[in-house]
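**Q** Attaching a single structure in structure tokens format; questions to follow.
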Amino acid sequence: MLKIPISCSHASYDVLVGGGLLTHSGDLVAKILAPSRCAVVTDSNVARHYLQPVLASLKNVGFKPITLVVPSGERSKSFRQVYNLCHSMVVAGLDRKSVLFSLGGGVIGDLSGFAAAIFQRGIPLVQLPTTVTAQVDSSVGGKTGVNVAAGKNLIGAFHQPQLVIADPLTLNTLPNREYWEGFAEIVKHAIIQDMAMLKTLSPERPKDLSALIARNITVKSALIASDEGDKSGLRALLNFGHTIGHGIETAAGYGSLFHGEAISLGIIAALWLSKRFSGLLQSDLEYIARILQRLSLPIVLPDRILTDSVLTTMRKDKKFEQGKPRFVLTHRLGSAYLSDEVDLQDARSAIEFLRKLQPN
């Protein structure tokens, strides 16, 4: 088991990484939280594989869980589902001492984390991530929220978990497309801080991702610790590729592209803007494009996703301030900075570039 401590101004907690940890989640959580009534939130796909072992582990140490299962997919990140979760917890008699367990990928983590943040004005949250995206990125850092028609993650709250338990064995049941989409966040972390990590990536699914997961969490934890509330601009570096990426994801229609697939396209757009404004080498852009392709991630924007639609959704993104976009750029791979030089016309040009790039 690998343990990565997370230190924030409002909370400190551990991320535990190791194969088989999910079946011991009750024992691990009972070391820091008293057994109580609790809710396990998951989706219909994850429930088939992992719900019963988690329930058994929790009951074994005295937790009294209720199960709340939502439909799988990005469309579940909605106010309607938050209301349903909170209503079910009220009816079941959960209170301020109750714990919410989030069992699933990024959608479940964001959705249930937001419910935990607002139920009884905040109850303890334990993240049990089961996808690559959630294990290397979204389960850590306390960002929670839901989507609205105008854009992604526009309504939410910061709510740090009490513990994160990442079991790489859960990744074995992911279909290939869902597995590889999570590697967009790994490539992002490499670009902004740890380029050597790219040398460890292979187009074949490895037997154990524990070390890679821990390495990504270490990258993210350093930025979180210095800027928990996303105020100074340091944490914003984690948004590399996300400004245009989120616009593409929303314009495509939730569920049409996986999050990581949209972020892969956003990464290429951010590299093109970095070449234009920061002197990034064309060879660096091509190098990252080849890596994304080898990891089964897209680098060419489909014609059906209109540039104007992407720009419209981008304008409503929370990465805009006073009507101006904030883009994360890189002048050399392995570092990044926040720029206010890029305007919407530049963003349009970057989106159009995504249609012209020729895959190898």
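**Q** Given the criteria more than 23 Å from ARG235 (Cβ to Cβ) and of a type in the set (Lys, Arg), does ARG304 qualify? Steps first, please.
**A** Details: more than 23 Å from ARG235 (Cβ to Cβ): yes; of a type in the set (Lys, Arg): yes.
Yes: the conditions hold for ARG304.
**Q** Next up: What about LEU273, is it closer than 23 Å to VAL132 by Cα and touching an Asp or Glu at 6+ places or on another chain (Cβ under 8 Å)? Can you show your working first?
**A** On the way: closer than 23 Å to VAL132 by Cα: no; touching an Asp or Glu at 6+ places or on another chain (Cβ under 8 Å): yes.
Considered against the rule, which asks whether it is closer than 23 Å to VAL132 by Cα and touching an Asp or Glu at 6+ places or on another chain (Cβ under 8 Å), LEU273 comes out as no.
**Q** Here is a further query. Which condition does LYS188 not pass, out of (1) crowded, with 17+ Cβ neighbours inside 10 Å; (2) not in a helix (DSSP H, G or I), if it passes all the others?
**A** That leaves (2) as the condition not met.
**Q** Here's something else I'd like to know. So which of ILE213, ILE191, ILE165 ends up being at pLDDT 95 or above, assigned by TED's automatic domain parsing to the domain that holds ASP110 and under 20 Å from VAL132 (Cα atoms)? Lay out the reasoning, then the answer.
**A** Values: ILE213 fails: assigned by TED's automatic domain parsing to the domain that holds ASP110; ILE191 fails: assigned by TED's automatic domain parsing to the domain that holds ASP110.
Of the residues listed, the single one that is at pLDDT 95 or above, assigned by TED's automatic domain parsing to the domain that holds ASP110 and under 20 Å from VAL132 (Cα atoms) is ILE165.
**Q** Moving on. Residues VAL164, VAL146, VAL126, VAL140: which one is of a type outside the set (S, T, N, Q) and in a loop (DSSP other than H, G, I, E, B)?
**A** Exactly one of VAL164, VAL146, VAL126, VAL140 is of a type outside the set (S, T, N, Q) and in a loop (DSSP other than H, G, I, E, B), namely VAL140.
**Q** Working carefully through the options LEU265, LEU333, LEU285, LEU273, find the one that is in a loop (DSSP other than H, G, I, E, B) and modelled with pLDDT of 95 or more. I'd like the intermediate steps shown before the answer.
**A** On the way: LEU265 fails: in a loop (DSSP other than H, G, I, E, B); LEU285 fails: in a loop (DSSP other than H, G, I, E, B); LEU273 fails: in a loop (DSSP other than H, G, I, E, B).
Result: LEU333 is the single residue among LEU265, LEU333, LEU285, LEU273 that is in a loop (DSSP other than H, G, I, E, B) and modelled with pLDDT of 95 or more.
**Q** Taking the condition surrounded by fewer than 21 Cβ atoms within 10 Å (Cβ to Cβ), of a type in the set (Gly, Ala, Ser) and in the same structural domain as VAL132 (by TED's automatic domain parsing), does ALA149 pass?
**A** Details: surrounded by fewer than 21 Cβ atoms within 10 Å (Cβ to Cβ): yes; of a type in the set (Gly, Ala, Ser): yes; in the same structural domain as VAL132 (by TED's automatic domain parsing): yes.
It is true that ALA149 is surrounded by fewer than 21 Cβ atoms within 10 Å (Cβ to Cβ), of a type in the set (Gly, Ala, Ser) and in the same structural domain as VAL132 (by TED's automatic domain parsing).
**Q** Go through LEU212, LEU234, LEU171, LEU163 for me and flag whichever is surrounded by 19 or more Cβ atoms within 10 Å (Cβ to Cβ) and more than 16 Å from the chain's Cα centre (by Cα). Break it down into steps so the answer makes sense when it comes.
**A** Values: LEU212 fails: more than 16 Å from the chain's Cα centre (by Cα); LEU234 fails: surrounded by 19 or more Cβ atoms within 10 Å (Cβ to Cβ); LEU171 fails: more than 16 Å from the chain's Cα centre (by Cα).
The conditions single out LEU163.
**Q** Is it the case, given these coordinates, that LEU301 is modelled with pLDDT of 95 or more and either under 16 Å from ALA262 (Cβ atoms) or not in a helix (DSSP H, G or I) (or both)? Please lay out each step first, then the result.
**A** Values: modelled with pLDDT of 95 or more: yes; either under 16 Å from ALA262 (Cβ atoms) or not in a helix (DSSP H, G or I) (or both): yes.
Spelling it out, LEU301 is indeed modelled with pLDDT of 95 or more and either under 16 Å from ALA262 (Cβ atoms) or not in a helix (DSSP H, G or I) (or both).
**Q** Every residue in segment 15-66 that is under 27 Å from GLN120 (Cβ atoms), in a loop (DSSP other than H, G, I, E, B) and of a type outside the set (S, T, N, Q), please.
**A** LYS31, ILE32, LEU33, ALA34, PRO35, VAL61, GLY62, PHE63, listed by residue number.
**Q** Ok, one more. Go through (1) out of contact with any Leu (no Cβ under 6 Å at 6 or more places or on another chain); (2) modelled with pLDDT of 95 or more; (3) closer than 28 Å to ARG177 by Cβ and name the single condition GLU74 misses.
**A** If we test GLU74 against (1) out of contact with any Leu (no Cβ under 6 Å at 6 or more places or on another chain); (2) modelled with pLDDT of 95 or more; (3) closer than 28 Å to ARG177 by Cβ, just (2) comes out false.
**Q** Scanning segment 29-61 for residues that are farther than 21 Å from LEU16 by Cα and of a type outside the set (Ser, Thr, Tyr), which turns out surrounded by the most Cβ atoms within 10 Å (Cβ to Cβ)?
**A** From segment 29-61, those farther than 21 Å from LEU16 by Cα are 36-37, 43-45, 47-48; that's our starting set.
When the remaining residues are screened for being of a type outside the set (Ser, Thr, Tyr), the result is 37, 43, 45, 47-48.
Numbers: ARG37: 16, ASP43: 21, ASN45: 19, ALA47: 18, ARG48: 12.
Among those that are farther than 21 Å from LEU16 by Cα and of a type outside the set (Ser, Thr, Tyr), it is ASP43.
**Q** From the list LEU103, LEU94, exactly one residue is closer than 17 Å to LEU58 by Cβ and without any contact (Cβ under 8 Å) to a residue 60 or more places away in the chain. Which is it?
**A** Numbers: LEU103 fails: without any contact (Cβ under 8 Å) to a residue 60 or more places away in the chain.
Unique residue meeting the criteria: LEU94.
**Q** Another question about this same structure. So which residues in segment 286-298 are surrounded by fewer than 20 Cβ atoms within 10 Å (Cβ to Cβ) and farther than 11 Å from ILE191 by Cβ, if there are any at all?
**A** Residues satisfying the conditions are GLU286, ARG290, GLN293, ARG294, SER296.
**Q** May I pose another question? Residues to consider are SER78, SER44; find the one that is of a type in the set (Gly, Ala, Ser) and under 30 Å from PRO206 (Cβ atoms).
**A** SER44
**Q** Of all residues in segment 126-139, how many are farther than 18 Å from LYS77 by Cβ and touching a Ser or Thr at 6+ places or on another chain (Cβ under 9 Å)?
**A** 2
**Q** I'd like to check something: does segment 252-268 contain any residue that is under 20 Å from ALA196 (Cα atoms), of a type outside the set (Ser, Thr, Tyr) and surrounded by 15 or more Cβ atoms within 10 Å (Cβ to Cβ)?
**A** In the first step, residues of segment 252-268 are kept if they are under 20 Å from ALA196 (Cα atoms); the result is 264, 267-268.
Among the residues that remain, those that are also of a type outside the set (Ser, Thr, Tyr) are: 267-268.
When the remaining residues are screened for being surrounded by 15 or more Cβ atoms within 10 Å (Cβ to Cβ), the result is 267-268.
Yes, the conditions are met somewhere in segment 252-268.
The values are calculated or read from the model by the stated rules, or taken from the named source; none is laboratory data. All values reported here derive from a predicted model rather than from experimental measurement. Cβ coordinates were reconstructed from backbone atoms using ideal geometry, including for glycine residues, and neighbour counts include every protein chain displayed.
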